[in-house]
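The values are calculated or read from the model by the stated rules, or taken from the named source; none is laboratory data. None of the values given here were measured: they were computed from a predicted structure. Positions of Cβ are generated from backbone atoms using ideal geometry, with glycine treated the same way; all protein chains shown enter the neighbour counts. When the accessible area is computed, the model is the full protein with side chains, heavy atoms only, and any ligands, DNA or RNA have been set aside. Shrake-Rupley method; radii C 1.70, N 1.55, O 1.52, S 1.80 Å.
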Amino acid sequence: MQLNNSSVAATSDNEKNISLAAVLKHIVVILISIYLVCIPLGKVGQKRFTPVDMGILVILLIVNSDIKFKEVVERISSAKLTPTSVEVTLKEKVEQLSEKIDDQAKKIDELDKADAEAKSCVDLQLSETSYKNVNLDDLSKKIGNASSSAKEAIYKMAKDARRNGHNKNGIIERTIPIFQALIDSKYKNARCRFYAQLGYALKDQENPDWEEAKNNLDVAISLWEQKHPNDTLPSIYCFNWLFCAANSKDKLELEQEEINKRIEAATICETLYAAIKDEKHKNILDWMCKNYRGDISKLTPKLNNLSGYCRKDSDERKKLLSGIK
C-alpha cells in the first residue's frame, strides 16, 4: 500500500523531533554530570553537596532514564512521608537533654533537702534543751551528705558556739561531734581548721582531754605546714598546743627544731605571752623553759595582739614582722 505524502512528512518530522530531544537529553546529562563532578573538586574540594545538588542529581536520573516525568510526580505524590534521620536524631538529643535537666533538678532538690536536714540537726545539737534528741551517728551521716556550702555554714555555727560556750553548760562538749563529723566527711577545704577547732573543744571542755586535744592540734599544725611550707606557724594553733603539751602525760615525739618553732610562734604576740606568764599558768611557763633549746629570754612578743595579723596572708605577715625591731 502506498503512503501518501502527508504521512511520510509527519513521520519525518517525528523522527527529527525525537532526534533533537535525544540530543538535548544527552547535552543536559553531560552538563549535569560535569556540575556534579565539580562538586568535590571545586575550590580544592571545599564545595559541599547541598539539597540543590541533590535535586539536580534527581533530574539527571530522570532525564537519563526511560521513566516519564509524569510517572515520577505520581510516585512522589503517592509516597508516604517519614521523618528524616536528622529530625529523628534531633528529637533524640532533645529528649536526652530533657532527661539530664530533670536529673539535675532532682539532684539539686535532694541536696537542698540534705542541707536543710543537716543544719536542722546541728541546730538541735547546739540547743540547750533539744540536744538529747539527737542521734550522733545520724548527725555525722547528715553532715557528711551535706553540700560544701552547708558544711561551711555548719563549721561556722559550731565554731561560734564553742567560742561563746564557756558560760553555757555543756555547749563546748556538744560541738565535739560536729567537728569530728566535718573531719570524717573528707571535706578538703582547709581541713586543718577542723582539727584545730576539735583540739580547742577537747581542751576547753569541763574535763579537758589533753592528749586527744594535743593529737588533733598536731594534725592541724602538720596540715598547715604542708600547705604553707615557707610560712610562719599559726600562733593560735601553737598557743593551744603548748597548753595541751604542758598538761599531757604523753612524751613528745617531735624534733627539737619543731618544738622551738611552735614555742616561738605561741609567744609572738603580747596577748598570748601574757597568758602564758600568768601565775595560774605557771606550769606552762615551766614546761616551756624546760623544753625550749635556746635563750628563753629572747622570746619576747613581737606584736601587741593578733588582731588582723592572723587574717593577713603569708606575704603580708612576713612584711609586718620584718618591720619589727
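Think of a 1.4 Å ball rolled over the protein heavy atoms: region 227-276 then has 49 Å² of accessible area per residue.
Counting only protein heavy atoms and using a 1.4 Å probe, the accessible area of Cys269 comes to about 0 Å². Separation of region 178-246 and region 87-122, taken as the distance between their Cα centroids, equals 38 angstrom. When the C-alpha to C-alpha distance is required to be over 19 Å, the pairs from Lys251/Lys280; Lys227/Lys261; Lys186/Lys214; Lys188/Lys251; Lys113/Lys168; Lys142/Lys168 that qualify are Lys251/Lys280; Lys186/Lys214; Lys188/Lys251; Lys113/Lys168; Lys142/Lys168.
The candidates Val134, Val122, Val94, arranged from most to least accessible area with a 1.4 Å probe in the full protein assembly, appear as Val94, Val134, Val122.
Across the accessible surface of region 141-275, with the other protein chains kept in place and a 1.4 Å probe, carbon and sulfur atoms take up 46 percent. A straight chain from Asn230 to Asp160 at 0.36 nm per residue would run longer than the Cα-Cα distance by 22.2 nm. Each Lys or Arg adds one and each Asp or Glu subtracts one; over the other residues with Cβ under 11 Å from the Cβ of Lys141, this totals -3.
Modelled spin-label separation between Glu253 and Asn135, with each label point placed 7 Å from Cα along the Cα-to-Cβ direction: 3.6 nm. With protein chains left intact and a 1.4 Å probe, residues in region 142-208 average 45 Å² of accessible area per residue. Between Glu110 and Asp278, the contour length at 0.36 nm per residue exceeds the Cα-Cα span by 55.2 nm.
Along region 162-173 the Karplus relation, 6.51 cos²θ - 1.76 cosθ + 1.60 evaluated at θ = phi - 60°, assigns HN-Hα couplings of 5, 4, 9, x, 5, 9, 10, 4, x, 5, 5, 4 Hz to successive residues, with x for each Gly and Pro. Taking a ≥ b ≥ c as the square roots of the Cα gyration tensor eigenvalues, with a/c under 1.5 meaning rounded and otherwise prolate when a/b beats b/c, else oblate, which class fits region 158-249? Oblate is the answer for region 158-249, as a/c is 1.5 or above yet b/c matches or exceeds a/b.
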